[in-house]
Amino acid sequence: MNALAQKAFLEEFDNQHVGLSKGALSMVLTVNRRLIGMSLPVETKEFETAKQGQVKGLGRSAVMKILKEHGVTRILSEEGGRTSRGNMEKMRAYLDGINLLHNSGQLNLQLAEGFWIECTKRYFDSTPFSFRLDPSKSLRSCLKNLFGQAIERQRKAAGTMYVGAMMQHLIGAKLQILVGANIESHGFSVSDAATNRSGDFQIGDVAIHVTTTPGEALLRKCAANLAVGLRPLIITTEDGIGGARAFAKQSAIEDRVDVIEVEQFLAANLYEHSGFMRDIRPQTVRQLIEEYNKIIFEAESDPSLRIDFEG
């Protein structure tokens, strides 16, 4: 079998018909998987619904089953390609190429599936978050929208803590700009609780802890900060504020720990850093996003954590 011929066909098909279309990726993953259990060559009518309006077998569950077998847990498409326009013609073009490869003894469907899995991973890697500085909305509302994107992506990708990672690295970027010195940034999975670090960041005598879910372990860390003369600062979500204060009270250190909501912290710093000037604000936000993306490049292995800035 000439593997190079198949690779050339798949790459050409990807360039012409798939690219970064989640619907087309869903279609080709599903069609290729069905082909593995069929006798070749095949006729296109075997992949058409009764009314010939859609590709047979497409759907979220079918796509997710394939992806999970390859260790991919993120959702590619809620519709699984069913509603993507043009998938019928793409399916026919794919089957034509597959039949030609089969007839010439150059087809390996398992390798083809692996190719499309890698394309899917690249799709996820190329989809950053988006921050839009909408002049008709408050700065805090714009930040809330950004974190909302992370919440939604986290909901669809079990086991990936996008919100916590975004919070930590935005705070790191803000501190980097504010202090003007090198702030050591760690990958989000490297928790300060599991290391000898006093917090996620330490500036002067302040140990900064960034978390979505403050709990007893964090407050024990705060108590340890106090014991060595550090001032603990917890930056958390709006939902996490109550929990942090409750655990601080339980630990009898509620009057010695500062707890700040993340959107408030970032918005206040952005206003201050821009001198409260409307014309300077976009530049200030852009600087924050650029510094954040630099941290993502250096500290994280998932480039989809990047943020695109729309001024």
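The values are calculated or read from the model by the stated rules, or taken from the named source; none is laboratory data. Quick caveat, the model's predicted, so the values are computed rather than measured. Positions of Cβ are backbone-derived with ideal geometry, glycine not excepted, and every protein chain shown enters the neighbour counts. Heavy atoms of the whole protein, side chains included, go into the accessibility calculation; ligands, DNA and RNA do not. Shrake-Rupley method; radii C 1.70, N 1.55, O 1.52, S 1.80 Å.
Residues that are in contact (Cβ under 8 Å) with a residue 60 or more places away in the chain and among the polar types (S, T, N, Q) were ranked within the stretch 17-37; the one that is most open to solvent (accessible area, probe 1.4 Å) is Ser21. Go through the stretch 44-79 and give me each residue that's farther than 19 Å from Ser126 by Cβ and β-branched (Val, Ile, Thr). Across the stretch 44-79, the qualifying residues are Thr44, Thr49, Val55, Ile66. Among the residues that make up the stretch 21-41, is at least one of them of a type in the set (D, E, K, R) and within 26 Å of Ser126 (Cβ to Cβ)? Checking the stretch 21-41: at least one residue is of a type in the set (D, E, K, R) and within 26 Å of Ser126 (Cβ to Cβ). Would you be able to say whether some residue in the stretch 252-273 is farther than 21 Å from Val206 by Cβ and free of Cβ contacts under 8 Å to residues at least 40 places away in the same chain? No, the stretch 252-273 has no match at all. Being outside any loop (DSSP other than H, G, I, E, B) and over 29 Å from the mean Cα position of the chain (by Cα) is true for just one of Met64, Met38, Met88. Which residue is that? None of the other options fit; the residue is Met88.
Rundown of residues vs (1) surrounded by 17 or more Cβ atoms within 10 Å (Cβ to Cβ); (2) within 34 Å of the chain's Cα centre (by Cα), yes/no style:
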position	(1), (2)
Leu226	no, no
Pro232	yes, yes
Thr236	yes, yes
Gly242	no, yes
Ala248	yes, yes
Ala252	no, no
Val257	yes, yes
Ile260	no, yes
Glu263	yes, yes
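Take the residues in the stretch 272-311 that are among the hydrophobic types (A, V, I, L, M, F, W, C) and assigned to a helix (DSSP H, G or I); name whichever of them is most open to solvent (accessible area, probe 1.4 Å). Ranking the qualifying residues of the stretch 272-311, first place goes to Phe297. Looking across the stretch 136-152 at every residue that is part of a loop (DSSP other than H, G, I, E, B) and free of Cβ contacts under 8 Å to residues at least 40 places away in the same chain, the one that is surrounded by the most Cβ atoms within 10 Å (Cβ to Cβ) is identified as Lys137.
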